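Before any comments, here is the structure.
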Amino acid sequence: MRWRNWAGNQACEPAAIERPHHEDQLRSIVRRAASAGRTVRVVGAGHSFTPLVCTDDLLVDLRDYAAVRAVDAERCTVTVQAGIPLWRLNQELAVHGLALENLGDIAYQSVAGATQTATHGTGARFRNLSSAIIGMRLVDGRGEVVACDRDTEPEILEVARVGLGAVGLVSEVTLQCVRAFNLHAVEGAEPVDALLERLDDEVDGHDHFEFFWIPNTRWALTKRNQRTDEPVRPRPHWRAWRDDVLYDNVLFGAMCRIGAWRNHLIPKVAKRLPSKGSADYVDVSYRVFTSPRLVRFYEMEYAIPRSTVVDALRRVRAHVGQLGMQISFPVEVRFVAADDIPLSTAYGRDSAYVAVHVYRGTPYDDYFRGVERIMDDYGGRPHWGKLHFQTASSLAPRYPRWDQFQQVRTRLDPGGVFTTPYVERVLGPVGG
């Protein structure tokens, strides 16, 4: 009965683990829990770094609840059960000539897990994945199904798109897709200070731009992706395997393990790793957006106003220099357009995301807490699925529609069936 997340930093021993196949089973689980005064949490792929799904009561595992319910190629929509992983959804959409507008760099998450925590990719004109939701079916805290879309219960739809699993148990989502498209990818390395001087031009001049600062160096790795009508011109298979698997996972993982044994050796080992060099290729969108992630890590990520990111990153670089430890993972910076979802980290403002990572098992308190203090100065909002040290009292002022979320939460789950100590820590008590 022991459950552990992907990173290995969260574990729990539920009283029972349920693996439903049908919506009636979801309703039955919640009804039984509500009548017995028990609680229910739901897990998709377990890619959150927080104890968001941890419970000592009922855990619903959605791995078998992953069917494609309907595809409308004309309207570019798809309806899926909540547990479908993004990698499989991407493949299913491609068969119908469709794609998701934007994606993060990992495709292992379930649709429900990714959207409930406001997972995002990068692109100054594009919003996070939750913004693609145009319809949902939820099981509320009484075990009743609530269907919502733009015409029926629109307020519930607004709120539940990012709900942390605390508004209801997500059964199905309908996503607005786009016609399948290709991306022209250009990847390389350049001095970070020069990059920061022209950062707005880079972000606005490319459909999807991100970079990774390598701690304790003057270098950044850049990724520029542009939508294109060019035919597919992918990297040779050997080059893709070498770059994405051998270099980014096998050799990088070896450096992390050596660094965990002897932290001071990280710079020496890093200098001896072969360079991938630059890359220039064209491929279908989801193959460019996503990459294999075989090295386990812990992560914290904050959304801040885009206009503040250069100043914030300079302070993060200074903090890293004062830590007295070597950091093996790059600091990732991405950009997302504002949206209107009450608990979205990009609500109401064009946002930059700053993500810091450490190899699993590495102490991170000094590093992460220091970065968090910096992000607090900019009204930073932590990614709901990644590590942070905030509470409901510190988070509420950062979300202008916090009270609206709480009203819908109380309406759909008055008995707190979907609330655990961690959920209460970050959202407060139901009705509170």
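From the list Ala312, Ala318, Ala346, the one residue that fits, being aliphatic (A, V, I, L, M) and open to solvent by 20 Å² or more (accessible area, probe 1.4 Å), is Ala318. Of everything in the stretch 381-394 that is outside any loop (DSSP other than H, G, I, E, B) and within 17 Å of Gly165 (Cα to Cα), the residue that is least open to solvent (accessible area, probe 1.4 Å) is Pro382. Residues of the stretch 283-309 that are surrounded by fewer than 17 Cβ atoms within 10 Å (Cβ to Cβ) and basic (Lys, Arg): Arg293, Arg296. Annotation note: of Tyr298, Tyr247, the sole residue that is free of Cβ contacts under 8 Å to residues at least 60 places away in the same chain and touching a Lys or Arg at 6+ places or on another chain (Cβ under 7 Å) is Tyr247.
Yes/no per residue for (1) more than 27 Å from Gly123 (Cα to Cα); (2) over 14 Å from the mean Cα position of the chain (by Cα); (3) without any contact (Cβ under 8 Å) to a residue 12 or more places away in the chain:
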{"position": "Gly321", "(1), (2), (3)": "yes, yes, no"}
{"position": "Met325", "(1), (2), (3)": "yes, yes, no"}
{"position": "Ala338", "(1), (2), (3)": "no, yes, no"}
{"position": "Tyr347", "(1), (2), (3)": "no, yes, no"}
{"position": "Val354", "(1), (2), (3)": "no, no, no"}
{"position": "His357", "(1), (2), (3)": "no, no, no"}
{"position": "Arg360", "(1), (2), (3)": "yes, yes, no"}
{"position": "Phe368", "(1), (2), (3)": "no, yes, no"}
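Among the residues of the stretch 316-328, write down those that are in contact with a helix residue (DSSP H, G or I) (Cβ under 8 Å, 6 or more places away or on another chain) and more than 20 Å from Tyr378 (Cβ to Cβ). Within the stretch 316-328, Leu323, Met325, Gln326, Ile327, Ser328 meet the criteria. Look through the stretch 134-164, keep the residues that are among the β-branched types (Val, Ile, Thr) and over 25 Å from the mean Cα position of the chain (by Cα), and return whichever of them is farthest from Arg38 (Cα to Cα). Going through the qualifying residues, I end up with Thr152.
Being within 19 Å of the chain's Cα centre (by Cα) and open to solvent by less than 30 Å² (accessible area, probe 1.4 Å) is the filter; apply it to the stretch 11-43 and report the residue that is farthest from Val423 (Cα to Cα).
First pass over the stretch 11-43, keeping only residues within 19 Å of the chain's Cα centre (by Cα): 41-43.
Still in the running and open to solvent by less than 30 Å² (accessible area, probe 1.4 Å): 41, 43.
Numbers: Arg41: 10, Val43: 14 Å.
Only one residue fits best here, namely Val43.
Checked against (1) open to solvent by 10 Å² or more (accessible area, probe 1.4 Å); (2) of a type outside the set (A, V, I, L, M, F, W, C); (3) farther than 26 Å from Trp219 by Cα, Tyr364 passes all but a single condition, namely (3).
Please specify each residue of the stretch 416-432 satisfying the condition of being surrounded by fewer than 17 Cβ atoms within 10 Å (Cβ to Cβ) and modelled with pLDDT of 95 or more. If the condition is that a residue be surrounded by fewer than 17 Cβ atoms within 10 Å (Cβ to Cβ) and modelled with pLDDT of 95 or more, then Pro421, Glu424, Arg425, Pro429 are the ones that fit. Consider the stretch 127-155. How many of its residues are over 18 Å from Gly165 (Cβ atoms), assigned to a loop (DSSP other than H, G, I, E, B) and polar (S, T, N, Q)? Number satisfying all stated conditions: 1.
The values are calculated or read from the model by the stated rules, or taken from the named source; none is laboratory data. Note that this is a predicted model, so its numbers are computed, not measured. Neighbour counts run over all protein chains shown; Cβ positions are idealised from the backbone, glycine included. In case anyone asks, the SASA skips ligands and DNA or RNA and just uses the protein heavy atoms, side chains included. Shrake-Rupley method; radii C 1.70, N 1.55, O 1.52, S 1.80 Å.
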